[in-house]
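Here is the structure we will look at, set down as structure tokens.
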Amino acid sequence: MTKVILQVYPALGAEDKMEAMRPIGRNNDAYQDMLAGLIEVSKAADDLGYWGITHVEHHAHTEGMEISPAPLMLNIYAGMHTKRLMHGQLGLVLPAHDPIRLAEEIAIADHMLQGRLFVGMARGYQARWQNVLCQRFGVTSTASDGSDADQRNRLLFSENFKIMKKAWTEDLLTYDGPTYQVPYPYEEGIPNWPPARRSRDPTACPARSTTRARSAAWASCPSPTRHRTRSSSRRSARAPARCAGAARRTSPRRSSWATGRS
């Protein structure tokens, strides 16, 4: 059966209205109207039998065309007003994110929606925001032209995707790649990490420690609901509740840049 997805570009009104009110992307009333309209559309898609609904990830769209800097939050917000509709993104721009942080946020969003989340991923092509948000990662927007910028972008996309999958599926994550290491430093491990000192304690969170009580692996949490269902039989029923929290982690050109929201 074909799965029909409704792709939504959150806009703040008709083109003439948006042009007259620029920078409408920073107009709070217009944004609230958009959120109300998004809920109406989501409910209609739910009732009409659509499989899913998605939002883009774009930033600094102050002209009002694609006000979606936080698609996961839109997924959760719309999901709380639907019953069976799947919610996702087309797509999250991987080179603009830390892979472990994004993996955690996706997993938590999936739990909040009780498994009604799907994920789309992209490399990014809009220089007006990607060149700003990605500067610390040494990556920019790109076309698929084989250039140095294209190769760097593709490297981070592929590596981040690999790390995210490992974070979701492996109880203890280790990774040594060209731009990212887990733990860091990879060979030495993370020093002064208390759970590593107690890794043999049955009440402690999972760890892989060195003889110097350094964390040598990282346990990302939580896993998405579907992975949790598959792997729950392998997990100890005696695992303490506190291990479900953060403690489980062991080891054209412009002269200024306008944010999309105030």
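Taken together, the values in this text are just the output of simple stated rules run on the coordinates, not laboratory data. Bear in mind that the values here come from a model prediction, so they are computed numbers and not experimental data. Cβ sites come from the backbone with ideal geometry, for glycine too, and all protein chains shown count toward neighbours.
Distance between the pseudo-spin-label points of residue 132 and residue 174 (7 Å out from Cα toward the beta carbon): 4.1 nm. Working out 0.36 nm times the residue gap between residue 162 and residue 65, then minus their Cα-Cα distance, what length gain in nm do you get to one decimal? Contour length minus the Cα-Cα distance gives 31.7 nm. Scanning residues 5 or more positions from residue 87 or on other chains, those with amide H under 5 Å from its amide H are 53, 117, 118, with H placed 1.01 Å from N in the peptide plane.
The distance between label points at residue 73 and residue 40 comes to 2.3 nm (points 7 Å beyond Cα on the Cα→Cβ vector). Phi angles across segment 129-143 convert, under the Karplus curve 6.51 cos²θ - 1.76 cosθ + 1.60 with θ = phi - 60°, into 3J(HN,Hα) values of 10, 5, 5, 7, 6, 9, 4, 5, 8, x, 9, 10, 5, 7, 9 Hz, Gly and Pro given as x. Positive contributions from Lys and Arg (+1) and negative ones from Asp and Glu (-1), summed over other residues with Cβ under 13 Å from the Cβ of residue 43, come out at -1.
For segment 95-107, backbone phi angles converted through the Karplus equation (6.51, -1.76, 1.60; θ = phi - 60°) give residue-by-residue couplings of x, 8, 10, 6, x, 5, 4, 5, 4, 5, 5, 5, 4 Hz, Gly and Pro being listed as x.
A simple spin-label model places pseudo-atoms 7 Å from Cα toward Cβ; at residue 20 and residue 84 they are separated by 4.2 nm.
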